[in-house]
Ligand code: ASP
């Protein structure tokens with residue numbers, strides 16, 4: 001039997017519903033700990049609680065602490081399952097995917113309905129995750145997100161619905177596998193990716209989203225504060241309103257890396273249009289183009305990349321492959 005470390009961080013999967021008020025709250029004792037004996041059917045599972053936080057309270061420092069815990073236990077287990085709130089689950093998953101250098105399975109899961117709600121997906125998703133973490137085919141696949149009978153890569157998965165249990169999707173490429181009652185089916189192999197081994201997170205990176213009529217005001221304000229990097233979610237193939245160009249030029253002159261992603265949920269940014277603020281114009285100015293990441297994930301990657309370098313050319317290279 002495989003030896004799996006189960007690490008709880010909080011989120012709905014660790015909460016209960018108050019039957020009188022309907023409010024969902026954090027409990028003192030993890031509600032799934034009572035079900036640990038069910039998990040033993042699938043693997044030799046040991047459990048740790050690292051945090052009891054709703055995931056909107058999770059920061060990159062928490063992600064780093066979690067990664068360090070997994071690294072410190074790496075030799076003692078065959079795989080790892082992390083339970084996490086669904087709101088920022090994809091950011092933690094991607095952070096760990098970039099940071100951890102291991103072939104061992106690392107699975108992140110959560111739940112849309114707390115443990116005592118009707119139709120709860122908490123225990124079900126946890127069992128599915130233990131099954132995936134114990135499977136040979138999950139080796140060397142990077143950090144995986146297991147929810148609702150699907151297996152997704154950390155780089156591609158995103159929460160798409162506020163409340164539906166089928167919320168996690170990979171809009172670009174779909175899930176890499178599915179889970180049925182008696183089997184797991186993997187149908188994609190993950191490409192090797194560059195790792196970002198970090199021991200601290202010290203940089204400040206902001207994320208802004210473009211909208212019709214956006215002007216340079218917010219960029220001017222940001223320029224006056226000390227930030228280390230900026231991610232902008234542009235329109236379509238990677239275009240911005242023309243009025244944001246002068247402050248963006250100033251930032252680049254100040255050696256602040258600006259990373260461009262699209263606010264579309266599918267596709268990649270590319271330097272197509274040469275008008276003011278068009279992708280070609282932005283690329284010529286020195287803006288860094290990504291290859292399909294969402295804004296929050298590009299921000300995670302820039303945070304980690306900046307711990308290694310702030311050389312704009314090197315950052316351009318790092319973002320060519322996601
Ligand atoms: N707000 C909750 C959280 O992210 C939602 C969830 O866990 O599903 O902690």
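Side notes on the structure shown:
- Filter result for residue 221 (assigned to a helix (DSSP H, G or I) and without any contact (Cβ under 8 Å) to a residue 12 or more places away in the chain): yes
- Summed over the range 157-196, residues that are part of a loop (DSSP other than H, G, I, E, B) and touching a strand residue (DSSP E or B) at 6+ places or on another chain (Cβ under 9 Å) total 15.
- As a summary of the residue check, residue 46 satisfies the conditions (1) in contact with a helix residue (DSSP H, G or I) (Cβ under 8 Å, 6 or more places away or on another chain); (2) in contact (Cβ under 8 Å) with a residue 24 or more places away in the chain except for the one numbered (1).
- Applying the criterion of at least 3 residues that are more than 16 Å from the ligand (Cβ to nearest atom) and more than 17 Å from the chain's Cα centre (by Cα) to the strands (runs of 3 or more DSSP E) found wholly in the range 1-109 leaves 3-8, 44-49.
- Just one of the listed residues (297, 250) is assigned to a helix (DSSP H, G or I), more than 30 Å from residue 145 (Cβ to Cβ) and in contact with a helix residue (DSSP H, G or I) (Cβ under 9 Å, 6 or more places away or on another chain), and it is 250.
Quick note: the coordinates plus some simple rules give every number you see, no bench work behind them. What you are looking at is a predicted structure, and each value in this text was computed from that prediction instead of being measured. Note that we place each Cβ from the backbone using ideal geometry, even for glycine, and neighbour counts take in every protein chain shown.
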